[in-house]
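Derivation of every value follows stated rules applied to the coordinates shown; laboratory data play no part. Here the structure is a predicted model, which means the values were calculated and not measured. Heads up, the Cβs are rebuilt from the backbone with ideal geometry, glycines too, and the neighbour counts pull from every protein chain shown.
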Amino acid sequence: MYKNKVYKKIKSLLGKRCLNDKLSKVQYSYDATQKMYSPDIVALVENTNEVSEILKIANKYKVPIVPRGWGSGFSGGALNIEGGICLSLEKMDKIVEFDKDNLMVWVEAGLVNYDLQEFLKPYGLFFPPDPSSWKFSTIGGNIAENAGGPRAVKYGVTKNWVNGLEIVLADGTVLNVGSKNIKDVAGYNITDLIIGSEGTLAVVTKALLRVHPISDDKKTIQIVFNGIRAAAEMVNNILNSKIIPTSIEFVDKDAIKTVDDALNVGFPKDAEAILIIEIDGGIYEVEENSKKIKRLCEKDKSIIAFRVAKNEKEADEIWIARRSISPTLKRIADGKLNEDIVVPRSKLPDMIEKTQEIAKKHNLYIVSFGHAGDGNIHTNIMYHTDNNKEIEAAKKAMDEIFSFCLKLGGSITGEHGVGITKQDYLEKQVGSDNIKLFKNIKKAFDPKNILNPHKMRL
Amino acid sequence: MNDKISESWDSCVKCGICRSVCPVFKEEKSEPFVARGHITLIQELIKGNLNFSDKLSKEYLGKCLLCTTCVESCPNNAHTDLAVITARTFVNKIHGVPLYKKIMAQVMSQRKVLDLSVRMGNMFSSFMFKTVENVPRKGVNVRMKNPIVEKDRLLLPISKRTFLNKYPESINGKNSKKVAVFIGCAVNYSYTEVGDALINILKTLNIEVIIPKNQVCCGGPIYYAGMIDKAEKLAKKNIELFEKIEADAILIPEPTCATAIKVEYPRIFEYFSNNKYLEKAKKLSERVRDPSDYFYNDTDLINILKNKKLKKEHSVTYHDSCHLNRSLGIKQEPRELLKAIENLNFIEMKDADRCCGNGGTFSVDFRETSLKIGKRKAQNIINSTADTVVTGCSGCMMQIAEALNIENSKISVKHTIEVIDKALRGEDL
């Protein structure tokens, strides 16, 4: 192996920021999947040039190299499953250029989503993609996974807000793709190809993002239902009434209970589902739409509570309950299969009911919550890691959920990415011809397969 | 060590939320300096996948302020503080304890030795230290170059007479209430004026006060450095002393000492030692109070303050000490008391509950990082436009005074209790 040689070369480049001791390696061996794979070398890079030099070395010696942001991913995208170099971009977190006139900003890939929001706020602007992990996930990670968030209903996902990238190819070539032009059709759209490629095609070092003015007004509405189907149907009712909310979030009974236990929110006891709706726009428009939603709800007998947040603090209270679900699930069981399936919005009631049926059949807790407005549901199949029967049942349940989701024309992942956790299901969804094309594209970018190998079946 | 202790951090799901709040991570920006990394190290050590023979373990596990901001923000309530303290005991076993910490533990363990050291310090004071005035708060600099403390560092002053020497063991009061005072080393030896203020307020309220002469150091700094057996000895002494003392409450104007006694003593006996003392520790814990909490909730002080004025009008901002705010849960009480003073204009600063970066021996071991964190705090204080910053902790006072001094600010640093006392007397701050 060339390990030693590679280490020496990177060490001479980065000095103290190149680590290969056991303590450091173990701390760069995990992400939010809680799986552990130790890298051989941790490289804490500070600029694009260093990234390029390291890629040249990795390419020459054919060493796997895995780009990493804040390690908060749910699909294992940042794990060095075959060892090699952990290329950590967390120190590259600067705002490079703020172009107010064009409503664009060039940022380094390691910048945290929320820190960008904080920077933009005084200018009355925001960056619409808002994954629940926005305080602890980077723009680079958001791009690699094409992350979405609650606001996707109205504002779309990461790919809708990236106009260009600075990327480093496997051989160390640094190049810019895309431009500040709103219209630009010269050549292949490499930007969009890189977005969502999970670090398998190139390393994203900088991104040119579009930003958007913050609306004059917004309102957060919480609707509690005594039936799950009614909640899912309300989503379609609202959208059919010519209202496009910023977000429509959905929380099921078990998620409600978990959060209530953890945070003492005081949800109604007979709550079966909650919708959290946020609308934004001009002051008049928001008022009008909130009244419209209220009228729709008055007709619905399955609604047991309706609340419009009076101020930002109340809105935060409503949102914190939603944002805290994922991390509090450990209260139910210590193991979970965390899926983020997505179905065409109209199929949402079918998917949710089927999930509950599957849970009952296997005698498991399956907690569902997520982005009802875009059909994306976080399905958490809970199991105890010391109970082999439950583990088996959980896997079976997952298979059944995936199969039904695909039958409805859905996808196995809406925003977490494929990584290692969903790669076994990828072919089932996209088919073998697509996989063949993926492999050819990968080969064109990275002939030696050093960039995040063995992810997405590549 | 009790196996149960790992349950207190094993709830961590590696989500990474702690990265968004940790003040040390904000400066270091790498995983070894955040809760998730600390917890992983102790978990892997316990599993036997790792040992701490690498010298880096000293830095990785030493460089934590124990500010518990991560614990507060953790949706799964993972106790990184316990993970770090436990890990430090393992680091100490392999690498030993730095000499200055050994001496610290030795000196703090006996009141007489501590008294003598401070007296010697006082005697040679002009030779060893240079008094620095006209700064946010009076302090001293060390005159000679030494390996532990930098020459330009603003340190605690040394009082001519200690608090425990100054006051009798009991002070009568006509009120039916009775409190004991545990003063803490910083106020006893350095910021004695804070102790004076506390006694003055208690006298105004006519509350009977007991000041046990035999109280020893709480052991907090020793415990936090992972020398738990030494801290345990001090804990036992204080437990035995105070269990005999009848008082409604034990007031501690030093949140670090209060946390040590209220929160850490029960943990010592639950997790690190035989639990013969656990019940006693819990009983003592119940009586420990921060003065601002006691005055606000158990006395009429707030109504008295409403008719009181400082000699001059002041705008004041408040810094939350980590131990007072997060460990003891006291956040509103000091604010309400301060706001009650008629001509005191209270201004809330940005990120008031962010750690100031002191962290006890953290500021000695990692001064550069400590000052970077302090600079952010100083900036928020300056931006608040207040002329005085108030806090309830000596460690914070010292750190903030230095951080403000570095920024050439003249904003003065006061303890909550001092401000209240001045208002009661109608004096200037």
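Worth pointing out:
- Relative contact order computed over chain A (Cα-Cα under 8 Å; 6+ residues apart), in percent: 15 percent
- Inter-label distance, nm, simple model (7 Å from Cα along the C-beta direction), B:Lys350/B:Asn146: 3.8 nm
- Chain B: relative contact order as a whole-number percent, Cα under 8 Å and 6+ apart: 16 percent
- Part-to-part distance (alpha-carbon centres) for region B:341-401 and region B:120-192, which is given in Å: 20 Å
- Most positive-pole-ward Cα, B:Ala78, A:Leu329, B:Val91, against dipole of the protein assembly as shown from beta carbon charges: B:Val91
- Charging the Cβ of each Asp and Glu at -1 and of each Lys and Arg at +1, and nothing else, the dipole of region A:1-58 about its Cα centre rounds to 280 debye.
- Helix axis angle, B:111-123 relative to chain B longest principal axis, alpha carbon, degrees: 70 degrees
- A simple spin-label model places pseudo-atoms 7 Å from Cα toward Cβ; at B:Ile171 and A:Asp21 they are separated by 5.1 nm.
- For B:25-32, mean number of other protein chain Cβ atoms within 10 Å: 5
- Fluctuation leader among B:Leu66, B:Leu116, B:Leu344 - chain B, Gaussian network, Cα springs under 10 angstrom: B:Leu116
- Compactness of region B:279-348, expressed as Rg and Dmax over alpha-carbon positions, Å: 14.3, 49
- Among the residues of B:192-198, the average count of other protein chain beta-carbon atoms within 10 Å of the residue beta-carbon is 0.
- Förster-model FRET efficiency, 41 Å R0, B:Gln110 and B:Glu407, C-beta, rounded to 0.05: 0.60
- Burial order of peptide ranges B:80-90, A:35-45 (average beta-carbon count within 10 Å, highest first): B:80-90, A:35-45
- Per residue, the convex hull spanned by the Cα atoms of chain A measures out at 153 cubic angstrom.
- Highest-first packing order for the peptide set A:292-305, A:192-205 is A:192-205, A:292-305, based on the mean count of other beta carbon atoms within 10 Å.
- As a rough footprinting exposure proxy, the listed residues A:Thr385, B:Thr40, A:Thr48, B:Thr192 were ranked by other beta carbons within 10 Å of their own, and the order from fewest upward is A:Thr385, A:Thr48, B:Thr192, B:Thr40.
- Region A:215-331 shape via C-alpha gyration tensor axes, a/c threshold 1.5: oblate
- Relative packing of peptides B:397-407, A:344-354 - highest average C-beta neighbours within 10 Å first: B:397-407, A:344-354
- Note that region A:95-213 shows a convex hull volume over its alpha carbon atoms of 100 Å³ per residue.
- Fraction of C-alpha pairs exceeding 18 angstrom in region A:349-408: 30 percent, rounded to a whole number.
- With the largest listed first and rounded to whole Å, the semi-axes of the equivalent ellipsoid of region B:3-95 from the Cα gyration tensor are 19, 16, 11.
- Against the main long axis of the alpha-carbon atoms of chain A, helix A:432-445 sits at an angle near 40°.
- DSSP beta bridge pairing in the protein assembly as shown, given as percent antiparallel to the nearest 5: 70 percent
- Cα-based shape type of chain B, given that a ≥ b ≥ c are square roots of the gyration tensor eigenvalues and the cut on a/c is 1.5: rounded
- Between A:Asp101 and A:Arg307, the modelled labels are 4.8 nm apart [label points 7 Å from Cα along Cα→Cβ].
- In the calculated pair-distance distribution of the protein assembly as shown, the portion above 46 angstrom amounts to 33 percent of the Cα-Cα pairs.
- Gain on full stretching of the segment that runs from A:Lys291 to A:Asn237 - 0.36 nm per residue minus C-alpha separation: 18.0 nm
- Rounded tilt (10° steps) of B:192-204 against the dominant C-alpha axis of chain B: 50 degrees
- Measuring nothing but alpha carbons in region A:3-88 and taking Rh as the Kirkwood radius, the Rg to Rh ratio lands at 0.94.
- Net lengthening on full extension, B:Glu7/B:Glu243 (0.36 nm per residue, minus Cα-Cα): 81.9 nm
- Positive minus negative residues near A:Asp217 (Lys, Arg vs Asp, Glu; Cβ under 10 Å): -2
- Positive-end residue of B:His314, B:Cys355, B:Ala340, charge dipole of region B:299-425 with Cβ unit charges: B:His314
- Using Cβ point charges alone (K and R +1, D and E -1), the dipole size of the protein assembly as shown about the Cα centre works out to roughly 2140 debye.
- Paired Rg and Dmax values of region A:131-290, which use every Cα atom, in angstrom: 19.7, 59
- Expected 222 nm ellipticity per residue - DSSP helices of 4 or more, -39500 (n - 2.57), all of chain B, to 500: -13000 deg cm²/dmol
- Mean partner shielding of peptide A:82-92, defined as the number of other chain Cβ atoms within 10 Å of each residue Cβ, is 1.
- Region A:311-384 shape via C-alpha gyration tensor axes, a/c threshold 1.5: oblate
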